[in-house]
Amino acid sequence: MSGKRLIIGVVVMGIAVPVIIFLLLDLHTTGQFFTIAASTFLAWGVCDLLATILEKPRLRDRSPGQALREDWQRRTKE
């Protein structure tokens with residue numbers, strides 16, 4: 001994840017969406033804002049990771065868990 005996709009994700013899910021939620025829920029403290037920002041940013045990161053994994057048809061004759069483990073091991077070796 002890099003480039004335009006990362007910048008758009010940070011701006012939208014780290015700033016814009018938390019501000020909108022913060023204002024619509026009529027919240028008041030900075031702690032509440034940062035909690036919302038962290039939650040939305042983390043959710044975006046997880047969804048982006050899963051979308052990246054699922055877009056590659058590399059299962060062949062493996063289970064999804066086995067494919068993830070093999071992918072992780074290959075990346076750690078590099």
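The values are calculated or read from the model by the stated rules, or taken from the named source; none is laboratory data. Since this is a predicted model, take the numbers as computed values, not measurements. Counting neighbours? That spans all protein chains shown, and the Cβs are built from the backbone with ideal geometry, glycine included.
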Open item on the list: I'm trying to understand the selection: among the residues of the range 55-71, which are surrounded by 10 or more Cβ atoms within 10 Å (Cβ to Cβ), out of contact with any Leu (no Cβ under 8 Å at 6 or more places or on another chain) and part of a helix (DSSP H, G or I)?
Closed with: P64, Q66, L68, R69, E70, D71
Open item on the list: Just to be sure before I move on: is A51 of a type outside the set (D, E, K, R), in a helix (DSSP H, G or I) and either at pLDDT 95 or above or surrounded by 12 or more Cβ atoms within 10 Å (Cβ to Cβ) (or both) in the structure I sent?
Closed with: no
